[in-house]
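Here the structure comes first, spelled out in structure tokens, and everything after it is commentary.
The values are calculated or read from the model by the stated rules, or taken from the named source; none is laboratory data. Being a predicted model, the structure only gives us computed values, none of them experimental. Note: ideal-geometry Cβ built from the backbone for every residue, glycine included; neighbour counts use all protein chains shown.
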Amino acid sequence: MQRCDGRVPDRLWFSPLVVVYVVALCVAPVVLHPQCLDFKPPFRPLRELQFCVMYKEFGCCDYQKDQELITKYYRIMDNFDHHGYTNCAGFVLELLCQECSPYAAHLFDAEVPTTPVRTIPGLCPDYCSQFWKKCSSTIPFLSDDPHIAKVKEDQTHLCQYLELDDVDYCYPHLLSNQKLTQNLGRVKSDLDGCLQLCLEEVANGLRNPLAMVHANDGTHRFFVAEQVGLVWTYLSDRSKLERPFLNISKAVLTSAWEGDERGFLGLTFHPKYKYNGKLYVYYSVEVGFDERIRISEFHVSANDMNVVDHASERVILEIDEPASNHNGGQLLFADDGYLYVFTGDGGMAGDPFGKYGNAQNKSALLGKVLRIDVDDNERGPLYRIPPDNPFIQERGARPEIYAYGVRNMWRCSVDRGDPRTKEGKGRVFCGDVGQNKFEEIDIIEKGRNYGWRAKEGFSCYDKKLCANSSLDDVLPIYAYSHKMGKSVTGGYVYRGCDYPNMNGMYIFGDFMSGRLMSLREDTGEWKYNEICMGMGLTCAFPGLVNNYHQYIISFAEDEAGELYFMSTGIPSATSPSGVIYKVVDPSRRAPPRQCHYDPLPVRVKSNLIKFVPLETLISVEPPNKMKPEPKPTESSDWLQELIDSLGGLVPTPPLPTTTTKSPRHSRQNGRHRKGKSRTESVPELQNGVVRLVGDEQGRRDRGRVEIYLNGEWGTVCDDLWTIKNAAVVCRQLGFRYALKAAKNSEFGEGKDLQILLDDVQCEGTESGLLDCKHVGVGTHNCAHYEDAGVICGNSDYVIQV
């Protein structure tokens with residue numbers, strides 16, 4: 001048989017049931033799950049396919065695999081004469097090429113690694129019937145499955161065996177199924193336009209991880225800083241070195257208080273770290289009775305590339321902090337090679353320092369973006385002023401200032417630029433935390449005024465300053481209200497290799513609401529899309545999850561440009577609940593081998609701790625299959641406003657103990673949270689049943705305690721509420737431990753309910769609050785501002801009050 005230079009023979013006959021396969025590159029409004037036989041998303045081949053041309057735009061085969069299939073095709077067809085070739089060549093091609101289908105894993109029943117892979121793809125009955133009648137003689141060459149060999153002479157049994165449980169995916173009908181074909185190849189979205197992405201857990205057990213950086217030295221290590229003052233080294237295989245890279249915890253000023261903004265706040269490596277071993281840190285210190293922020297330079301140890309020489313510290317800059325909040329904390333080197341330092345406005349509220357506040361005062365270093373030159377500083381000054389800094393010649397202005405009018409920029413990044421065109425390269429993006437109403441995203445430009453305290457977002461804050469014609473401020477590229485979140489965490493423009501659809505997407509989040517968000521520039525305008533965790537089977541790939549801890553602390557990119565974020569379940573510097581997640585697009589990946597890199601070897605002198613993932617995938621049906629649920633207890637304060645704005649959130653704990661939401665985010669309306677949906681009918685409640693409500697983030701492990709007695713729900717009001725009382729409630733709800741006894745209506749006041757219990761005294765072993773001592777049902781001498789609450793958990797670290 002003539003080989004035709006490796007191309008598909010012109011005389012190939014295609015079955016009449018085959019529909020032309022068109023890949024529409026647009027945002028998907030339905031739940032899809034394209035997956036290849038290697039359990040990864042499909043891709044666009046780098047080199048055009050010659051054999052399985054129906055999948056040349058998007059599928060699961062690169063040129064190398066395509067050539068393997070054409071070789072297999074000729075090996076099979078060499079066994080047939082002209083008549084067999086004419087009748088069966090099209091069938092054989094179609095069946096072989098289904099390994100290239102974007103839905104190959106479904107066609108071959110191989111969605112998970114433990115499933116035996118079919119040797120012939122799942123066929124629709126009508127197609128199977130035609131195939132058997134015309135070309136059953138090809139079956140022994142297509143499959144070595146002993147059961148197929150046994151039933152190949154019986155059309156009914158063979159076609160039953162080749163059927164799929166999910167008929168939507170059978171070949172070739174899936175090609176004409178618009179739900180499966182019309183929206184392949186782009187990041188999917190739900191009906192509200194919320195982009196569906198997935199996550200991969202990278203590290204866990206961290207205490208408020210607030211920076212993850214790489215050294216750009218070819219080793220592909222990443223270094224993770226904890227707020228307490230420890231920095232850990234992770235190798236490219238995600239194993240962690242037992243010995244910390246840096247430990248300045250004794251010098252760092254912070255506390256276990258949830259929300260303490262002081263601590264180890266920033267870390268960056270010199271652009272020439274590979275040659276000079278320099279790195280820079282930003283942290284809070286106490287000097288006498290003063291609190292300061294300190295920027296220091298360190299050198300890596302000459303004896304161990306994974307340990308800092310702690311004796312090498314040189315303090316580059318110290319700035320007094322008039323309050324304990326708004327400490328800034330970002331350090332980075334931009335493309336110009338200078339060190340950028342992002343300071344907060346000094347704290348309190350409304351930048352009350354001086355006539356115009358620190359941020360508008362160019363003689364103060366607070367509320368600024370500073371730019372300094374730290375090269376060649378071994379002798380002479382520790383830093384120099386870049387000659388083109390904008391205010392060098394302005395009388396009274398600090399020459400370090402590069403931009404001003406910022407409130408508290410939390411997390412900034414430098415855009416690597418488009419991998420091909422380099423468009424956008426060098427832009428500095430920042431999230432600036434707002435005061436009362438708005439959070440904003442800015443692009444930092446030399447000499448510009450970012451408006452605070454005159455403006456907050458696009459809105460006036462100080463009306464007198466806002467009306468000043470000399471303000472000349474630059475507006476943010478995006479701002480959002482406090483109905484969406486209350487503390488922005490700046491992110492990165494994705495420029496990695498693994499997920500081409502995300503290129504150019506600026507991904508950021510909100511610390512308080514847990515929202516993940518994105519912006520993409522389109523002809524000079526920035527378009528917003530919220531990011532949700534994938535629904536249904538969207539994230540059903542090995543190693544992926546679709547939920548995360550709600551307090552988004554920081555974002556990061558690794559040496560290859562892939563995107564990560566860090567979040568925690570308890571925002572305390574001493575709580576080991578921090579996790580690092582890699583952001584994954586399940587709809588499309590880069591072609592195999594395109595993103596390959598070989599890390600330089602790392603000499604390790606410390607013990608290694610192997611990474612063990614702990615997060616799990618939440619299996620959730622698409623929204624149209626979800627059952628209706630009762631509404632949780634209503635609240636009349638701003639918290640309810642926030643809950644309403646988050647959409648339909650699915651409660652998760654077992655009935656009837658609670659109406660609160662689950663502890664992890666996967667942002668829904670179709671934006672599920674972790675756990676199962678409720679049943680349609682609620683069983684009759686028994687006296688003494690408890691539930692938790694009122695937590696801002698909807699976590700099911702904490703909230704105001706409400707108890708059901710004599711046909712009504714009510715609160716427990718107790719100014720002497722103890723950890724033993726909390727332990728009884730937590731165990732009743734299915735948790736092993738009580739982490740905190742919350743007092744003074746920490747989770748809001750249940751004003752619409754009666755106070756049913758007061759002066760509760762438990763030993764901690766009772767089965768319910770009614771078994772504890774109390775003054776009597778409905779008897780109390782307190783008010784709702786003393787409503788009790790709890791924080792529960794299954795690990796035994798206790799939150800200090």
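Remarks
- Taking the criterion of being crowded, with 20+ Cβ neighbours inside 10 Å, in a loop (DSSP other than H, G, I, E, B) and within 25 Å of the chain's Cα centre (by Cα), the only residue of region 436-464 that qualifies is GLY457.
- Annotation note: of LEU770, LEU753, LEU709, LEU720, the sole residue that is modelled with pLDDT under 85, surrounded by fewer than 23 Cβ atoms within 10 Å (Cβ to Cβ) and over 30 Å from THR538 (Cβ atoms) is LEU720.
- For ALA738: the one exception among (1) assigned to a loop (DSSP other than H, G, I, E, B); (2) in contact with a helix residue (DSSP H, G or I) (Cβ under 6 Å, 6 or more places away or on another chain): (1)
- Test result for PHE14, modelled with pLDDT under 95, surrounded by fewer than 16 Cβ atoms within 10 Å (Cβ to Cβ) and aromatic (Phe, Trp, Tyr): yes
- Considering region 254-346, the qualifying strands (runs of 3 or more DSSP E), each wholly inside and each with 3 or more residues that are acidic (Asp, Glu) and either in contact with a Leu (Cβ under 7 Å, 6 or more places away or on another chain) or within 25 Å of PRO399 (Cβ to Cβ) (or both), run over 290-300, 308-321.
- Listed by position, the strands (runs of 3 or more DSSP E) inside region 182-250 whose residues that are charged (D, E, K, R) and out of contact with any Gly (no Cβ under 7 Å at 6 or more places or on another chain) number at least 1 are 195-206, 222-226.
- Residues (β-branched (Val, Ile, Thr) and farther than 14 Å from ASP418 by Cα) located in region 478-498: VAL488, THR489
- Restricting region 51-71 to residues that are of a type outside the set (A, V, I, L, M, F, W, C) and touching a helix residue (DSSP H, G or I) at 6+ places or on another chain (Cβ under 6 Å), the residue that is surrounded by the most Cβ atoms within 10 Å (Cβ to Cβ): GLY59
- Residue within region 239-253 that is closer than 28 Å to GLY405 by Cα and either within 25 Å of the chain's Cα centre (by Cα) or surrounded by fewer than 16 Cβ atoms within 10 Å (Cβ to Cβ) (or both) present: no
- Residue match in region 109-126 (condition: surrounded by 17 or more Cβ atoms within 10 Å (Cβ to Cβ), within 16 Å of ARG588 (Cα to Cα), β-branched (Val, Ile, Thr) and touching a residue at least 24 places away in the same chain (Cβ under 8 Å)): no
- Criterion: under 18 Å from SER567 (Cα atoms), of a type in the set (Gly, Ala, Ser) and touching a Pro at 6+ places or on another chain (Cβ under 6 Å) - qualifying residue of GLY263, GLY205, GLY229: GLY205
- Qualifying residue in region 465-488 (condition: surrounded by 24 or more Cβ atoms within 10 Å (Cβ to Cβ), in contact (Cβ under 8 Å) with a residue 24 or more places away in the chain, part of a strand (DSSP E or B) and in contact with a strand residue (DSSP E or B) (Cβ under 8 Å, 6 or more places away or on another chain)): yes
- Residues in region 291-314 that are over 25 Å from TYR340 (Cβ atoms) and either acidic (Asp, Glu) or crowded, with 18+ Cβ neighbours inside 10 Å (or both): ASP304, MET305, ASN306, VAL307.
- Scanning region 678-703 for residues that are at pLDDT 85 or above and more than 28 Å from the chain's Cα centre (by Cα) yields a total of 5.
- In region 371-428, the residue that is farthest from the chain's Cα centre (by Cα) out of those that are in a strand (DSSP E or B) and surrounded by fewer than 21 Cβ atoms within 10 Å (Cβ to Cβ) is ARG384.
- Conditions (1) buried (at least 21 other Cβ atoms within 10 Å of the Cβ); (2) of a type in the set (Gly, Ala, Ser); (3) more than 26 Å from PHE391 (Cα to Cα): number failed by GLY431: (3)
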